[in-house]
Amino acid sequence: MAFNSKNFSVMAYANGFTLWNYQTPDTLETVTASGYFNDISAFVRKGDMILTVANNGAAVAPAVLSVTDMAAGSVTVADIIPRNVSQEDNVA
């Protein structure tokens, strides 16, 4: 699927930093892929964080993403919490 702006909102803003919230049926791999957040390049800044709840098959996959780069309308994000557990460990 593609980014859905209806599921993207501001949680907090201070001193040029924004904490965003985003929920999607897309997988975490899709969400962290290059270009997924390009539609919001006018709103996010390098260093912003996006609390994300993505799809992980049988469960949801929460993630804390950071906007790591902005270049010519291209948004790059990275998961700042290492994912060293299996999908079975994430199922509650």
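The values are calculated or read from the model by the stated rules, or taken from the named source; none is laboratory data. Nothing here was measured: the structure is a model prediction, and the numbers come from that model. In this analysis, Cβ positions are derived from the backbone assuming ideal geometry, glycine residues included, and neighbour counts consider all displayed protein chains. For the accessible areas, the whole protein counts, side chains as well, though only heavy atoms, and no ligand, DNA or RNA atoms are used. Shrake-Rupley method; radii C 1.70, N 1.55, O 1.52, S 1.80 Å.
Rounded to 0.05, the FRET efficiency of the Asn4 and Ala58 pair, given R0 = 25 Å and the Cβ-Cβ distance, is 0.70. Peptides 62-75, 43-56, 7-20 ranked from most to least packed by the mean count of surrounding Cβ atoms within 10 Å: 43-56, 62-75, 7-20. Taken per residue, the accessible surface of the chain reaches 60 Å², heavy atoms only and a 1.4 Å probe.
For n ≥ 4 DSSP H runs only, could you compute -39500 (n - 2.57) per run for the chain, divide by its residues and tell me the 222 nm figure to the nearest 500?
Result for the chain, helices only: -1000 deg cm²/dmol.
Here the convex hull built on the C-alpha positions of the chain has a volume of 97 cubic angstrom per residue.
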